1. Taking θ as phi - 60°, what are the ³J(HN,Hα) couplings along region A:11-26 by the Karplus curve (6.51, -1.76, 1.60), each to the nearest whole Hz, with x for Gly and Pro?
2. What shape does the protein assembly as shown take by its C-alpha gyration tensor, where a ≥ b ≥ c are the square roots of the eigenvalues and a/c under 1.5 counts as rounded, a/b above b/c as prolate, and the rest as oblate?
3. Placing a label point 7 Å from Cα toward Cβ, how far apart in nm is residue A:19 from its equivalents in the other copies, listed shortest first to one decimal?
4. Put a point 7 Å out from Cα along the line to Cβ at residue B:8; what are the distances to that point in the other copies, in nm, shortest first?
5. Within region B:101-157, report the GluC sites (Glu not before Pro) that DSSP leaves as loop and that have at most 12 other Cβ atoms within 10 Å.
6. Suppose you put the label 7 Å out from Cα in the Cβ direction; list, shortest first and in nm with one decimal, how far residue A:136 is from each other copy's label.
7. Using a ≥ b ≥ c from the Cα gyration tensor of region A:1-125 (square roots of the eigenvalues), is it rounded, prolate or oblate, where a/c under 1.5 gives rounded and otherwise the larger of a/b and b/c decides, a/b for prolate?
8. What whole number of Å gives the distance from the Cα centroid of region A:27-80 to the Cα centroid of region B:35-82?
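The values are calculated or read from the model by the stated rules, or taken from the named source; none is laboratory data. Because the structure is predicted, anything quoted here is derived from the model rather than measured. Quick reminder, even Gly has a Cβ in these numbers, built from the backbone with ideal geometry, and neighbours come from all protein chains shown. Protein only, heavy atoms only, side chains kept; ligands, DNA and RNA dropped before computing areas. Shrake-Rupley method; radii C 1.70, N 1.55, O 1.52, S 1.80 Å.
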Protein chains: 2
Amino acid sequence: MSNALKVTNPEGLPYTEYEREFDVPASAVFRAHIDPELYRQWIGPRGLTTRIEEHDYRAGGSFRFIQQGNDHVEYAFRGSVHTVRENEFILNTFEYEGWPEVVTLEYTRFEDLPGGRSRLTGRSVYPTLDARERYLADGMEQGMTEGYDRLDELLAADR
Amino acid sequence: MSNALKVTNPEGLPYTEYEREFDVPASAVFRAHIDPELYRQWIGPRGLTTRIEEHDYRAGGSFRFIQQGNDHVEYAFRGSVHTVRENEFILNTFEYEGWPEVVTLEYTRFEDLPGGRSRLTGRSVYPTLDARERYLADGMEQGMTEGYDRLDELLAADR
């Protein structure tokens with residue numbers, strides 16, 4: 001698979017950096033983030049369904065969504081949106097409500113590549129090193145990998 | 001002066017931690033943060049006047065204010081509010097608009113101390129170590145020191 005997720009967790013610094021390419025332009029990947037009907041179809045690991053409660057991706061907007069698997073246990077996530085530049089950049093806070101106050105700052109950049117392809121570059125900023133370890137131990141990378149694979153499938157079906 | 005600002009910048013980690021006591025209860029210090037008419041009278045270094053454009057301190061709210069000195073040069077600041085718990089806790093993003101994307105996550109806690117006093121504990125989380133150095137080099141600590149001294153004066157006048 002050519003479009004693997006690359007994740008870097010710099011030693012001793014409370015960041016996660018990641019990169020993922022897509023076979024579609026940046027505008028399509030950006031749209032799949034800010035359109036709630038698209039977003040709910042790909043965000044998170046396989047096997048979970050997502051219900052969007054709020055999805056206002058504008059500076060000063062906020063979002064909240066709830067995921068559940070076959071066991072019907074619910075996981076809620078929310079955040080505030082600081083900056084949105086169309087097809088280019090989103091900056092928001094992010095919280096898993098089960099861990100209140102372990103809030104991250106999420107930088108997401110979208111850029112076009114030759115041949116109608118694009119690259120997403122992300123940076124998660126954690127309030128402590130422990131917070132990063134907690135997210136990593138909880139399978140964050142696997143969830144992101146599966147989510148972006150689902151996004152590939154959604155974007156392919158959309159074309 | 002008993003209520004000095006204590007600032008810690010842990011080596012090699014992109015945080016600033018700070019602590020400041022006040023001779024008034026936590027509720028009064030909290031109110032001076034979320035009430036725009038109080039906030040504009042103390043925020044920032046002496047010699048600057050503040051104009052509030054937006055000051056909505058609720059989860060999902062946002063704020064923006066503009067400061068200027070005698071030279072009439074304007075400095076604008078904005079952010080999104082992630083969490084507010086009355087008299088206890090505020091969590092928001094913060095941006096100096098002159099440095100877009102150097103956005104911090106600001107944790108502010110308020111707690112009562114014996115004798116009608118209180119303590120504010122803050123934690124600024126920076127997206128890079130360089131961002132912290134940039135804020136420090138720009139006189140952030142002096143600005144905070146003067147701001148909290150102005151807050152003391154405002155709260156004393158208010159009693």
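1. 3J(HN,Hα) across region A:11-26, in whole Hz: 4, x, 10, x, 10, 10, 10, 8, 8, 8, 9, 9, 8, 10, x, 3.
2. prolate
3. Inter-copy label distances (nm, one decimal, shortest first): 4.2.
4. In ascending order, 3.0 nm.
5. Details: sites: B:101, B:106, B:111, B:133, B:141, B:146, B:153; in loops: B:101.
Nothing satisfies the criteria.
6. Result, one decimal in nm: 2.5.
7. The shape class here is rounded.
8. That distance is 32 Å.
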